[in-house]
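Here, each number is a calculation from the coordinates, and none is a lab measurement. A quick note: this is a predicted structure, and the numbers were derived from the prediction, not measured. Positions of Cβ are backbone-derived with ideal geometry, glycine not excepted, and every protein chain shown enters the neighbour counts.
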Amino acid sequence: MKAALAAIPFILAVLSGAALAQERRLEPVDEGAKDASWVSFRNRLLAALEKRDRKFLLSVLDRNVRGSLEGPRGVAAFRRHWEVDAEDSWLWRELSSALFLGAAYFKREKGQRELCAPYVLARWPEDLDPRSNGAIITREVLVKAEPSSDSPTLATLSYHIVAVADWEVDDRFAASKQKWVKIRLPAGEGFVPEEQIRSAVENAACFVKTEAGWRMTALAPAGG
């Protein structure tokens, strides 16, 4: 899925290049943790996702929820786009993985202030192209010489921002389902597991707090 990142337009200023990203970090944050109502809601939503509880999911969608960058808005369009009624819908995994990372508040030039997960969207540096750079989202990620877990380790990264050469690379062994991201380092190129790096233009889940409780306003590239 990450292979599509290069084709996604984005609202941030573009100054790409490995030199800009070297030695920069994007430390994790979780601004929502300060709000007890958000913590309770997030936990309830995660439990619903684990159970494939469509009824609860649909009940927390904003009436103008965004499910894509250019498609129509609204619950019906969201339900179709994400194939919510399908057992193998990508939504369950995608939304869960976003929520397990911290969230941060994000305000567009035109639009309301939203709490978006993961934090990468809201905290991304404006001088870096999010399509050709990514943020390592865990500690001590091993950079491999080849797209294989048994290949030599070239470096260890923790929350670094790195230049990306290829967002989706198959594992060296055809039988493995692991996908890799090819990154550029000062000393050369290496590979990290795709689940350990994210771009600000990947799918982000955004929420607003209303009198009726939290509502999900988006699950879309760059938050829609």
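Below is a table of values for the structure above.
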quantity	calculated
Using alpha-carbon coordinates, inclination of helix 36-50 to the longest axis of the chain, degrees	80 degrees
Calculated FRET efficiency for the pair residue 211/residue 25, C-beta based, R₀ 41 Å, to 0.05	0.60
Angle between the chain longest axis and helix 91-100 axis [Cα atoms, degrees, rounded to 10]	80 degrees
Lysines with Cα under 16 Å of residue 34, excluding same-chain neighbours fewer than 8 positions away	209
Protection-proxy order for peptides 117-123, 211-217, each taking the mean of Cβ atoms within 10 Å per residue, highest first	117-123, 211-217
Contour minus Cα-Cα distance for residue 113 and residue 146 (0.36 nm per residue)	7.7 nm
Under 13 Å from the residue 37 label point (7 Å along Cα→beta-carbon), backbone N, region 195-214	208-214
Distance from region 191-224 to region 23-73 (C-alpha centre basis), Å	7 Å
Environment charge of residue 40, counting only residues whose C-beta is closer than 15 Å and scoring Lys/Arg +1, Asp/Glu -1	+3
Sorted peptide list for 62-75, 134-147, criterion being average Cβ within 10 angstrom, highest first	134-147, 62-75
Cross-link partners of residue 182 among lysines (Cα-Cα below 30 Å; sequence separation of 8 or more within a chain)	2, 144
Alpha carbon centroid spacing (whole Å) that separates region 144-161 from region 163-190	9 Å
GNM top mover of 41, 173, 207 - the chain, alpha-carbon springs below 10 Å	173
